[in-house]
Structure formats: C-alpha cells, structure tokens
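The structure appears right after this line, and notes come after that.
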Amino acid sequence: MSDPPDRTLTLSLISHTNVGKTTLARTLLRQDVGDAHDGPHVTDSSSAYTLIETVAGESLKLWDTPGFGDSARLLKRLKKEKGSFAWLVNKAWDRFADRALWCSQHAVQNVQQEADIVLYLISASEDPGSAGFVDMEMEILGWIGKPVIVLLNQTGPPRAAEQEAAEEAAWREHLANYPVVSNVLGLDAFARCWVQEDELMRVVAGALEGDKRRLAVSLGDAWMAKSRAVFDASARLLAEQLASSASDKVAVTKEKILQKLWVGRRELNAELRSARKTLAERLAGRAKLTIDRLIELHDLEGQSSIGFSEASMENFAMPERVSEPIWTAVGGFAAGASGGLAADLVHGGLTLGGGALLGGIGGGAGAYLLAKGMNLTRGKDHCVYWTLGHYREQIQLALLSYLAVAHYGRGRGEWEDAEHPAFWADEVAAVIHDHDSAIEKQWKSGTEGRSEEKLLSKLEPLVQQMLGELLDRLYPRK
C-alpha cells in the first residue's frame with residue numbers, strides 16, 4: 001500500500017541578513033510575528049507559521065529563518081567538503097562566538113530539512129552585478145537542490161508594470177546561470193498587492209511536480225478564494241459609500257420668480273452654502289468610515305487620521321478655515337485627483353471650472369451659477385445633490401482609497417495616510433472613463449430618488465468590475 005500524499009507544503013524564507021524576511025512574513029501572514037527592526041541577525045532562530053489551511057486538512061507553512069550571515073566562509077567550507085552538508089549535523093554551533101556563520105549554517109539546515117520551496121529575498125536596491133553575496137548564496141542553495149523563487153523586496157512605492165517587469169527581467173537574466181532558480185517576482189513587504197501574492201502561489205505550483213504540485217494548486221485556490229472574499233467585501237464597502245453619496249441631498253427653499261431674476265437672493269445663497277457644508281461633512285464622514293473598514297478588512301491595524309473635533313466639523317466646508325491636517329488625512333492618497341474633489345475638500349468646493357475661488361457670492365449671482373460653483377445640482381424635489389462631475393471624483397477617491405489599503409503591507413506597521421503613486425490616478429481615470437455612462441446612470445438614479453438599496457444592487461457589480469479592471473491594468477498577467 002502506498003503512503004498517503006503529504007498534506008503540508010513548506011516554504012522557507014531565506015535571505016542575506018537584514019533584507020526584511022520577518023517584515024515580509026508579517027505581511028504574508030497578516031499578523032505580527034518575530035522581531036522586525038533594522039539590524040543584522042535580528043532573527044536568531046527558525047520559526048514555522050501557518051499561512052493557510054483548508055477544510056481538507058491541507059496546510060501551507062512558512063519558515064522564517066535567521067538567514068545567511070557569513071556566506072563566504074560557509075561556501076568555502078562547502079567547497080572543502082565537496083558539497084557535503086554532513087559536517088553541519090554534528091557541529092556544535094556557537095551562536096555567540098561566531099554568530100554570522102551560525103546564522104548561515106542554521107539557514108542551510110532549515111532548507112535541507114524543511115523546505116519544499118525556497119523563497120529567497122533580495123533587496124531590489126542592490127545592483128545585480130555588484131551583489132556578490134547573492135551569487136555565493138545561490139551556489140550554496142544550488143548544492144541543496146530545492147527549487148528557489150527569488151523575491152524582490154525593498155522596491156519602494158508601487159510603480160508602473162513596465163518598470164517592475166524590467167527590474168524582474170534584470171535579476172532573471174543575472175540568475176540565469178543558476179538552474180535552481182525557477183522564477184523571479186517582485187514582492188515588497190511594504191507595498192505588495194494581494195494580486196502579487198496569488199501570482200506567487202501560481203509560481204510555487206509551477207516549480208513543483210506530482211503530488212506536491214497538486215497540493216500547491218489546491219492551496220493556491222484556497223488562498224485565492226480568501227483574497228477574493230476580501231476583494232468582494234471591499235467592493236461592497238465602496239459601493240455602499242457611493243450609493244449614499246449618489247442619493248445624498250439637502251432640502252432647500254424653492255426659488256421665487258424674483259430670485260430667478262437675481263433679486264433678493266442673499267437668504268437663498270446662505271441656505272445653499274449651509275446645504276453644501278452639510279453634504280461635505282457627510283462625505284468626509286463616509287470617506288473615513290470606509291477607509292477604516294477597509295483597514296480592518298485587510299487585517300491591518302490603526303485608523304485613518306481624519307479628525308472630527310467639533311471645531312473641524314464646524315469649519316470643514318469653509319474655504320478660508322480648512323486646516324492642512326484635515327486635508328492631508330482625507331486626501332493624502334487622493335492627491336492628484338482630477339481637481340474638483342481636491343478643491344472641494346480644501347476650499348469648500350467654491351470653485352469655477354477655471355479653478356478660481358468664488359469666496360462669497362452676493363445677491364447678484366444666479367442660483368444656477370452658485371450651485372455649479374459649489375458642486376451642487378438641484379433636483380425636482382427642491383433638494384440639492386452633488387453634481388455628476390463631483391460624483392465622478394468621489395468614485396476616483398474611493399478607488400484610490402482601495403488601492404492604498406490593498407497595497408499596505410502589515411509589515412509596515414500601523415496604517416498611515418500617505419500620498420498615492422502618481423500613475424495610479426491615470427489608471428483610475430481611464431477605468432472611470434470606460435464606465436462613464438454606467439456611472440452617470442447611477443448618479444441620475446440617485447438624484448431622481450431611487451433608494452440606496454436599489455442603487456447598491458447596481459453599484460456593487462459596477463465597483464467590482466472597475467476594481468478588477470484596475471488591478472488588471474496595474475498587474476497584467478504574465
């Protein structure tokens with residue numbers, strides 16, 4: 001009778017010291033493990049963690065190891081022993097007297113005894129031609145013979161797909177002489193996206209054979225299902241925010257005949273400004289709530305730093321009194337949006353198409369001009385709503401918010417609001433443009449009184465589609 005297939009797939013995370021293994025482990029595991037700070041040999045023992053486990057009892061394990069320290073001496077010893085690792089077994093390691101060599105030996109033993117796949121982490125800041133220790137460590141791993149997937153860490157903020165592909169290609173070319181290397185992928189502990197993790201699982205399966213490959217495929221499917229569930233829940237959160245914005249309204253007094261002729265408008269203008277402030281406060285509240293829920297959904301810690309003290313809420317929509325911290329918190333990763341929303345949050349929305357600040361409008365301005373300048377439009381029910389242009393920019397902010405959270409690795413620490421990479425805004429704008437008619441239809445339904453529930457039933461699949469297309473643009477399948 002043949003032995004039952006192994007139900008555990010094991011990945012050993014290996015690198016030269018101080019490249020960020022534990023930081024990446026925290027991001028992949030969605031939990032804080034080990035010690036992660038800047039310094040050599042911070043991790044001094046190997047630890048195993050479960051990445052995912054299926055209902056069938058299959059599990060994916062990740063080993064975080066001390067990593068390579070003195071690779072040169074270890075390689076010299078291996079050459080002397082003609083590639084034999086037997087001397088490691090009986091050696092009395094002295095982790096205090098010769099810590100660097102001890103770490104290298106410990107890393108080798110972990111790969112020998114535990115690994116199905118080696119995840120070898122490289123700092124992308126290293127030049128392929130000058131990182132001599134990488135070649136030595138590839139030679140060591142080549143003697144062990146386990147498949148190696150090289151991961152590029154410390155890549156900096158997310159970049160366009162062409163730039164990341166070029167970096168991967170440079171390292172792939174440099175490592176072409178090492179048959180043990182099966183692939184090279186970018187996977188930054190601070191700024192990776194779950195799409196890249198799913199790509200990693202596909203690459204892992206491709207590097208294995210037989211039962212191990214089938215196991216890797218099954219575990220990859222489970223990993224993907226978990227990622228997809230978070231994606232779907234995220235789309236739901238964004239759709240709820242946008243459904244509320246499409247139908248959000250404030251009742252205002254119906255214009256009298258003389259007011260349409262620009263006579264006696266002061267009170268009506270003041271009423272419109274008050275409505276504008278109310279809508280702006282609700283918008284900011286929804287934005288913060290959605291971001292905080294996305295942070296929690298992605299197993300991150302912390303909250304968006306939007307502050308809603310009584311003073312900030314009172315002055316949020318006043319152009320001359322909006323504080324810089326409030327704008328930074330609300331729009332940090334929305335900086336570079338198409339203008340109107342940024343102006344709305346910073347200047348209270350009192351802008352014309354050319355960007356000139358209106359400030360205060362006297363009794364001589366028409367209601368239509370005032371409403372347009374405040375990003376408001378009148379409905380047939382004597383209420384004001386956000387304009388279509390403003391609503392498009394709210395969608396842009398929502399999509400950028402999702403990207404910011406989805407790329408925030410847990411190894412980076414608690415959530416911090418920050419500016420997004422500039423090229424994201426271009427990709428988001430392109431996706432919004434492709435769905436402009438559907439967006440306009442939902443906005444119009446909101447201003448015509450359709451319930452939030454009905455809006456949500458249409459917006460949720462639309463948001464899913466836009467997010468999916470956005471991720472496909474950022475991470476085209478290889």
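The values are calculated or read from the model by the stated rules, or taken from the named source; none is laboratory data. Model, not experiment: these values are computed from the prediction. For neighbour counting, all protein chains shown are included, and Cβ atoms are generated from backbone atoms with ideal geometry for every residue, glycine included.
Here are some residues: GLU469, GLU416. Which one is surrounded by fewer than 20 Cβ atoms within 10 Å (Cβ to Cβ), under 16 Å from the mean Cα position of the chain (by Cα), of a type in the set (Asp, Glu) and closer than 24 Å to ASP232 by Cβ? Spell out how you get there, then give the answer.
Values: GLU416 fails: closer than 24 Å to ASP232 by Cβ.
That would be GLU469, the only listed residue that is surrounded by fewer than 20 Cβ atoms within 10 Å (Cβ to Cβ), under 16 Å from the mean Cα position of the chain (by Cα), of a type in the set (Asp, Glu) and closer than 24 Å to ASP232 by Cβ.
What are the residue pairs meeting all of these: first residue in the stretch 9-25, first residue within 15 Å of MET136 (Cβ to Cβ), second residue part of a loop (DSSP other than H, G, I, E, B) and of a type in the set (S, T, N, Q), Cβ atoms under 8 Å, and 6 or more apart or on different chains?
Final answer for the pair search is ILE14/THR65; VAL19/GLN154.
What pairs come up if the first residue lies in the stretch 265-276 and is over 17 Å from ASN375 (Cβ atoms) and at pLDDT below 75, the second is among the β-branched types (Val, Ile, Thr) and not in a helix (DSSP H, G or I), and their beta carbons are under 9 Å apart, counting only those six or more places apart or on different chains?
Listed by first residue and then by second, the contacts come to ARG265/ILE361; GLU267/THR253; LEU268/VAL252; LEU268/THR253.
Conditions (1) of a type outside the set (S, T, N, Q); (2) at pLDDT below 75; (3) under 15 Å from LYS444 (Cα atoms), marked per residue:
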| position | (1), (2), (3) |
| --- | --- |
| MET374 | yes, yes, no |
| ARG378 | yes, yes, yes |
| CYS383 | yes, no, yes |
| THR387 | no, no, yes |
| LEU397 | yes, no, no |
| LEU400 | yes, no, no |
| ALA404 | yes, no, no |
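To keep it simple, each residue is scored yes or no on (1) free of Cβ contacts under 8 Å to residues at least 60 places away in the same chain; (2) farther than 30 Å from ARG26 by Cβ; (3) part of a helix (DSSP H, G or I).
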site	(1), (2), (3)
SER401	no, no, yes
VAL405	no, no, yes
LEU455	no, yes, yes
ASP472	yes, no, yes
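Can you find even one residue in the stretch 413-427 that is modelled with pLDDT of 95 or more and of a type in the set (A, V, I, L, M, F, W, C)?
Checked against the condition, which is being modelled with pLDDT of 95 or more and of a type in the set (A, V, I, L, M, F, W, C), the stretch 413-427 yields no hits at all.
Might you check whether a residue that is at pLDDT below 95, surrounded by fewer than 16 Cβ atoms within 10 Å (Cβ to Cβ) and out of contact with any Ser or Thr (no Cβ under 9 Å at 6 or more places or on another chain) occurs anywhere in the stretch 227-250?
No; the residues of the stretch 227-250 include none that is at pLDDT below 95, surrounded by fewer than 16 Cβ atoms within 10 Å (Cβ to Cβ) and out of contact with any Ser or Thr (no Cβ under 9 Å at 6 or more places or on another chain).
Okay, residues lined up against (1) in contact with a helix residue (DSSP H, G or I) (Cβ under 9 Å, 6 or more places away or on another chain); (2) assigned by TED's automatic domain parsing to the domain that holds LEU24; (3) outside any strand (DSSP E or B):
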{"position": "ILE122", "(1), (2), (3)": "yes, yes, no"}
{"position": "GLU126", "(1), (2), (3)": "yes, yes, yes"}
{"position": "GLY129", "(1), (2), (3)": "yes, yes, yes"}
{"position": "ASP135", "(1), (2), (3)": "yes, yes, yes"}
{"position": "ILE140", "(1), (2), (3)": "yes, yes, yes"}
{"position": "VAL150", "(1), (2), (3)": "yes, yes, no"}
{"position": "PRO157", "(1), (2), (3)": "no, yes, yes"}
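Could you check how many residues of the stretch 159-207 are among the polar types (S, T, N, Q) and outside any helix (DSSP H, G or I)? Let's see the steps before the verdict.
Within the stretch 159-207, the first condition is being among the polar types (S, T, N, Q), and the residues that meet it are 163, 177, 182-183, 196.
Going one step further and asking which of them are outside any helix (DSSP H, G or I), we end up with 177, 182-183.
Counting residues in the stretch 159-207 that are among the polar types (S, T, N, Q) and outside any helix (DSSP H, G or I) gives 3.
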